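The values are calculated or read from the model by the stated rules, or taken from the named source; none is laboratory data. Just so it is clear, the structure is predicted and the values come from calculations on it, not from any experiment. Virtual Cβ from ideal backbone geometry, glycine too; neighbours counted across all protein chains shown. Side chains are part of the model used for accessible areas, which takes the heavy atoms of the whole protein and leaves out ligands, DNA and RNA. Shrake-Rupley method; radii C 1.70, N 1.55, O 1.52, S 1.80 Å.
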Amino acid sequence: MIVRDILNEATRTFEAAGIPSARLDAEVLLSFALGREKLEFLKNPEKIINEEQLSFYRKFIVRRLQGEPVAYITGFKNFWTFTLKVNKDVLIPRPDTEIIVEEAIDVAKKYTSSQIKILDIGTGSGAIAIALADELPKTNITATDISKAALNLAQKNAENLGFKERIDFRQGDLFEPVDDTFDIIVCNPPYISTGDYEALPSGVKNYEPAVALLAGMEGTEFYERLICQAKNHLEKNGWLLMEIGAKQEQSVYKVFGQSGFYESVETRKDYAGWPRVVKARRK
Ligand SMILES: C[S@@+](CC[C@H](N)C(=O)[O-])C[C@H]1O[C@@H](n2cnc3c(N)ncnc32)[C@H](O)[C@@H]1O
């Protein structure tokens, strides 16, 4: 079979199964099966695909049809300016999470010294910590996660991308593994309520780790704990930045208000216009 026909066939199959990014998924999986850059084979639609490559590709198509996300099939996901290894131990980093990276860089650049201390809680694949290490070369970065398996992968990613020496990885529940104070604390915590979890697309619910998603009956369990505990780990005038779910802004503001330890609470919307990051300064 030639590239054009196999791509068209896979796209139609994905469309029929209701997969929204049918063409893109077909292309990404084909480039993975061929071990080539996407552009290379898109420029040669008449190129013949051999039986072995076709058999790989068909296996990937079946996995995708069963609901497995493309990033878990290929084992890679692009984030910020680099490519991360991902597996079922970590949440697949979302493009929306780049907003918290942008905000953290913005906050960091307002400091007169560039040698500030940053903590990334629930680092998962290491996405946020590695992006910050890359963009803020003089900062001192600590990254934690409760999942040992996630931390192993985050460390591997940091090593592959040349940031092994820049990030101190520690395992534990929220602030448990750190006794230090920080200028900036960033966190993209689990924020799905138990009710919403059931309604998640099967590709998320059946494949991504529940520990990365579930946050109690209201989905706000982690915000309450983070806001309360962060006050003991922030320098005076230090910043706490948290990614939030689209409908959680009010609850998060309420918790900040009740705490009494923070000021300058602000929201940054994502490019679709939804509240995505809330930041606040320790008084
Ligand atoms: C939504 S994911 C975010 C992963 C990554 N930071 C990102 O943005 O792609 C939440 C992460 O928090 C971790 N986590 C869950 N409960 C935790 C806890 N109690 N303490 C520390 N990390 C936790 C999960 O293992 C997961 O890696």
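Which of the residues spanning the range 44-55 are buried (at least 17 other Cβ atoms within 10 Å of the Cβ) and among the hydrophobic types (A, V, I, L, M, F, W, C)?
Scanning the range 44-55 gives a single hit, ILE49.
Suppose we filter the range 18-42 for residues that are in contact with a strand residue (DSSP E or B) (Cβ under 9 Å, 6 or more places away or on another chain) and buried (at least 19 other Cβ atoms within 10 Å of the Cβ); how many remain?
0
Inside the range 210-228, can you point out the residues that are part of a helix (DSSP H, G or I) and within 18 Å of TYR253 (Cβ to Cβ)?
Result: GLU221, PHE222, TYR223, GLU224, ARG225, LEU226, ILE227, CYS228.
I'd like the full set of residues that are within 16 Å of PRO189 (Cβ to Cβ) and surrounded by fewer than 20 Cβ atoms within 10 Å (Cβ to Cβ), limited to the range 268-283.
Residue satisfying the conditions is PRO275 alone.
Filter the range 1-17 down to the residues that are outside any helix (DSSP H, G or I) and open to solvent by 70 Å² or more (accessible area, probe 1.4 Å) and list them by number.
MET1 - this is the single residue of the range 1-17 that is outside any helix (DSSP H, G or I) and open to solvent by 70 Å² or more (accessible area, probe 1.4 Å).
Could you tell me which residue of the range 162-209 is surrounded by the most Cβ atoms within 10 Å (Cβ to Cβ), considering only residues that are among the acidic types (Asp, Glu) and assigned to a strand (DSSP E or B)?
If we take residues in the range 162-209 being among the acidic types (Asp, Glu) and assigned to a strand (DSSP E or B), then ASP183 is surrounded by the most Cβ atoms within 10 Å (Cβ to Cβ).
Please name all residue pairs, on different chains or six or more residues apart, with Cβ atoms under 7 Å, provided the first residue is in the range 135-160 and is in contact (Cβ under 8 Å) with a residue 24 or more places away in the chain and the second residue is acidic (Asp, Glu) and crowded, with 23+ Cβ neighbours inside 10 Å.
Going by the 7 Å Cβ cut-off, the qualifying pairs are ILE141/ASP120; ALA143/ASP120; LEU151/ASP145; ALA154/ASP145.
Among (1) closer than 14 Å to THR144 by Cα; (2) within 9 Å of the ligand (Cβ to nearest atom), which single condition is PHE182 missing?
(2)
Looking only at the range 223-252, count every residue that is acidic (Asp, Glu) and within 19 Å of the chain's Cα centre (by Cα) and tell me the total.
Total meeting the criteria: 1.
Filter the helices (runs of 4 or more DSSP H) completely within the range 18-122 down to those with at least 3 residues that are more than 30 Å from ARG281 (Cβ to Cβ) and under 19 Å from the mean Cα position of the chain (by Cα).
Answer list for the range 18-122: 70-74.
Hey, any hits in the range 68-87 for a residue that's under 30 Å from ASN237 (Cβ atoms), modelled with pLDDT of 95 or more and open to solvent by less than 50 Å² (accessible area, probe 1.4 Å)?
There is at least one residue in the range 68-87 that is under 30 Å from ASN237 (Cβ atoms), modelled with pLDDT of 95 or more and open to solvent by less than 50 Å² (accessible area, probe 1.4 Å).
Given the conditions (1) of a type in the set (A, V, I, L, M, F, W, C); (2) modelled with pLDDT of 95 or more; (3) in a loop (DSSP other than H, G, I, E, B), which single one is not true for MET242?
Among (1) of a type in the set (A, V, I, L, M, F, W, C); (2) modelled with pLDDT of 95 or more; (3) in a loop (DSSP other than H, G, I, E, B), MET242 violates only (3).
Going residue by residue through the range 119-126, is there one that turns out to be more than 20 Å from ASP89 (Cβ to Cβ), in contact with a Ser or Thr (Cβ under 6 Å, 6 or more places away or on another chain) and buried (at least 23 other Cβ atoms within 10 Å of the Cβ)?
For the range 119-126, residues more than 20 Å from ASP89 (Cβ to Cβ), in contact with a Ser or Thr (Cβ under 6 Å, 6 or more places away or on another chain) and buried (at least 23 other Cβ atoms within 10 Å of the Cβ): present.
Any idea which of LEU136, LEU153 is within 15 Å of the ligand (Cβ to nearest atom) and either touching a Ser or Thr at 6+ places or on another chain (Cβ under 8 Å) or farther than 20 Å from PHE76 by Cβ (or both)?
On inspection, the qualifying residue turns out to be LEU153.
How about the range 217-259: which of its residues are over 24 Å from LEU132 (Cα atoms), open to solvent by 40 Å² or more (accessible area, probe 1.4 Å) and more than 15 Å from the ligand (Cβ to nearest atom)?
MET217, GLU218, LYS247, GLU249, GLN250, SER251, TYR253, LYS254, GLY257, GLN258
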